[in-house]
1. Tell me the residue from VAL177, VAL89 that is of a type outside the set (Lys, Arg), modelled with pLDDT under 90 and assigned to a loop (DSSP other than H, G, I, E, B), please.
2. Could you check ASP130 against (1) more than 24 Å from ASN66 (Cα to Cα); (2) assigned to a helix (DSSP H, G or I); (3) at pLDDT 85 or above and say which number it fails?
3. For the stretch 67-114, give me each residue that is of a type in the set (Asp, Glu) and touching a Lys or Arg at 6+ places or on another chain (Cβ under 8 Å).
4. Taking the options THR110, THR172, name whichever one is surrounded by 14 or more Cβ atoms within 10 Å (Cβ to Cβ), modelled with pLDDT of 85 or more and among the β-branched types (Val, Ile, Thr).
5. What are the residue pairs meeting all of these: first residue in the stretch 59-83, first residue small (Gly, Ala, Ser), second residue assigned to a helix (DSSP H, G or I), Cβ atoms under 6 Å, and 6 or more apart or on different chains?
6. With among the β-branched types (Val, Ile, Thr) and within 17 Å of VAL11 (Cα to Cα) as the only criterion, which of THR80, THR59 stands out?
7. If I ask for residues that are hydroxyl-bearing (Ser, Thr, Tyr), touching a Phe, Trp or Tyr at 6+ places or on another chain (Cβ under 9 Å) and closer than 23 Å to ASP5 by Cβ, which ones from the stretch 54-109 would you list?
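The values are calculated or read from the model by the stated rules, or taken from the named source; none is laboratory data. Owing to the predicted nature of the structure, the values given are computational and were not obtained by experimental measurement. Cβ sites come from the backbone with ideal geometry, for glycine too, and all protein chains shown count toward neighbours.
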Amino acid sequence: MARRDDLLRQVQHTILNEDSPSLTMIELTERLPCSKATLYRLAMTKEQLVVLATKHFFTLLRESANQIEATVATETDPKTKILAYPGGVANAMRRNSHAFSEDMVGFAPTAEISARNTARAAERVREMIDDGIASAQVRATDGTSPPNSSRSPSREFSPASYWNAPASQPQTPSTNVLPCC
C-alpha cells in the first residue's frame with residue numbers, strides 16, 4: 001500500500017506540474033520509477049489516472065484545510081477571516097500548473113471533483129460571512145456592487161487564473177464574484 005501511495009504522489013506531482021494533456025501513459029512510465037504494468041495496475045487509462053491524481057490532490061488540500069482553519073482562527077476581525085480563508089485555499093491550489101487547472105475544469109470527472117470542493121470552500125466562506133453579519137461587523141448585501149469598491153467590474157475572472165496568480169500579485173475577481181469561487 002505504501003508503494004502505491006508513493007507512486008500516486010509521484011503521478012500527482014507529474015500531472016500537476018506538467019502539461020498533462022500531452023503526456024501519454026508511456027511517457028509517464030518513462031518519467032516515473034515504475035513499469036507500464038505497475039502504472040496500469042494503478043489505472044487502466046490516462047483519464048482514470050488523472051481522476052485518481054485529482055482526488056489525491058484534493059485529499060491533500062483537505063489536509064491543508066486544517067492549517068488554513070488554524071490561520072483563520074487567529075484572526076478576530078470577521079472581514080480578515082473572510083479574506084484569509086480563500087487566500088489560504090489559493091496558496092494551496094498554487095501547487096498545480098495552469099495547464100492542470102484548465103484540464104481539471106475541462107474534463108467532466110475532474111470538474112465534478114473540483115466543483116464539490118469549491119462548493120465546500122464557498123460554504124465555509126458563507127459561514128464566516130454569516131458569523132460576521134450576526135456579530136454586526138459585516139453588513140449584509142447582495143454582493144453585486146460593494147460601496148467604494150476599487151475593483152474593476154469589467155475585469156474578467158477565472159478560477160484557474162485566480163488560484164494560479166503569483167502570491168506577490170493576487171488576482172482580484174470582479175465585484176459580482178466572491179474571491180473563493
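1. Numbers: VAL89 fails: assigned to a loop (DSSP other than H, G, I, E, B).
Just one listed residue meets the conditions, VAL177.
2. Going through the list (1) more than 24 Å from ASN66 (Cα to Cα); (2) assigned to a helix (DSSP H, G or I); (3) at pLDDT 85 or above, ASP130 breaks only (1).
3. Residue satisfying the conditions is GLU75 alone.
4. Values: THR172 fails: modelled with pLDDT of 85 or more.
Sole residue among the options that is surrounded by 14 or more Cβ atoms within 10 Å (Cβ to Cβ), modelled with pLDDT of 85 or more and among the β-branched types (Val, Ile, Thr): THR110.
5. These pairs meet every condition: SER64/ALA92.
6. Values: THR80 fails: within 17 Å of VAL11 (Cα to Cα).
Going through THR80, THR59 in turn, just one is among the β-branched types (Val, Ile, Thr) and within 17 Å of VAL11 (Cα to Cα): THR59.
7. So in the stretch 54-109, the residues hydroxyl-bearing (Ser, Thr, Tyr) come out as 54, 59, 64, 71, 74, 76, 80, 85, 97, 101.
From the residues that got through so far, the ones that are touching a Phe, Trp or Tyr at 6+ places or on another chain (Cβ under 9 Å) too are 54, 71, 101.
Across the stretch 54-109, the qualifying residue is only THR54.
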